[in-house]
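Structure first, then comments.
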Amino acid sequence: MGASVGIGGLIVGTSMLVVFALAVSVIDIRMDSSLETLESANEPLPILTIDSADLWEGAVVSWTIVDPGANYVNGTLSTVEPGGFTATFTVDDITGGIDNVVITNHGNYSSTPTIQVDSPPLGVTTADIDVDLGTIIDAEISNTGPTVIPINEIWLFLDGAEPKRLSSMIFPAPTSANMYSGETLTLQWRGLGTDTFDTIALSSHGYNIARALD
């Protein structure tokens, strides 16, 4: 009888120790969670501004070499009409025909412009390059707060549609993965076809801001 009571007491005691250990573990977890919440609450929100946001519905978005011409050297392109388009081009080593174009400024036009080679050398066979117009959004965003923000954690929206990461549209490409306090980045949102939009917005770590497109 005495042995049974002793074993029973041991079982009860062990059970109470297990319960106590579980309770302490739960308390530790809740304390850690509370401390993380407090630390998070003490961290300042990022502060971002959209300094400019321009909708270009007549931007040059693509090009086609109809005739590469001949006897050119690597150079630059512009347009006969004013509008701001610029590009660089390279030529075939043998023929001197234009074989690749890189747009450096998309410009903005009311109708399809005429592409011209800047300062062509004498004796060239004139090239013919066609371009297509479409929509591009050109904007500048500044970090005016005290926090360093990973660029990949800044999201952009057009008229409330599916968000895109800022990191995918910075032009020229960023030199750092972070956006530091006081830094301004230029973005160009491409691949929009010929659609038009009214508002651009951004969101990051609970901070949200919107601006009408000019």
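Only residues in region 166-180 that are open to solvent by less than 50 Å² (accessible area, probe 1.4 Å) count as the first member; pair them with residues that are among the aromatic types (Phe, Trp, Tyr), Cβ under 8 angstrom, at least 6 apart or cross-chain, and list the lot.
166/155; 169/189
Go through region 118-131 and count every residue that is touching a Phe, Trp or Tyr at 6+ places or on another chain (Cβ under 9 Å) and surrounded by fewer than 20 Cβ atoms within 10 Å (Cβ to Cβ).
5
Which strands (runs of 3 or more DSSP E) sit wholly inside region 39-103 and have at least 2 residues that are open to solvent by 70 Å² or more (accessible area, probe 1.4 Å)?
48-67
Go over the candidates 211, 165 one by one and state the one that is more than 29 Å from residue 87 (Cα to Cα), of a type outside the set (Phe, Trp, Tyr) and out of contact with any Ser or Thr (no Cβ under 6 Å at 6 or more places or on another chain).
Answer to the check: 211.
Of the numbered conditions (1) assigned to a loop (DSSP other than H, G, I, E, B); (2) open to solvent by less than 20 Å² (accessible area, probe 1.4 Å), residue 160 fails exactly one; give the number of that condition.
For residue 160, the failing item is (2).
Go over the candidates 168, 119, 110 one by one and state the one that is within 19 Å of the chain's Cα centre (by Cα) and of a type in the set (S, T, N, Q).
On inspection, the qualifying residue turns out to be 168.
So which of 65, 103 is closer than 30 Å to residue 142 by Cα and touching a residue at least 24 places away in the same chain (Cβ under 8 Å)?
Criteria check complete, one pass: 103.
So if I check each of 209, 200, which one is part of a strand (DSSP E or B), open to solvent by 30 Å² or more (accessible area, probe 1.4 Å) and either modelled with pLDDT of 95 or more or farther than 28 Å from residue 62 by Cα (or both)?
209
For residue 152, all conditions in the list (1) closer than 17 Å to residue 49 by Cβ; (2) open to solvent by 30 Å² or more (accessible area, probe 1.4 Å) hold save one; what is the number of the exception?
(1)
Name the one entry in 145, 134 that is part of a loop (DSSP other than H, G, I, E, B) and open to solvent by less than 20 Å² (accessible area, probe 1.4 Å).
Result: 145 is the single residue among 145, 134 that is part of a loop (DSSP other than H, G, I, E, B) and open to solvent by less than 20 Å² (accessible area, probe 1.4 Å).
Any idea which of 130, 138 is in contact with a strand residue (DSSP E or B) (Cβ under 8 Å, 6 or more places away or on another chain) and at pLDDT below 95?
Answer to the check: 138.
The values are calculated or read from the model by the stated rules, or taken from the named source; none is laboratory data. Only a predicted model underlies this, so the values are computations on that prediction, with no experimental measurement involved. Cβ sites come from the backbone with ideal geometry, for glycine too, and all protein chains shown count toward neighbours. Heavy atoms of the whole protein, side chains included, go into the accessibility calculation; ligands, DNA and RNA do not. Shrake-Rupley method; radii C 1.70, N 1.55, O 1.52, S 1.80 Å.
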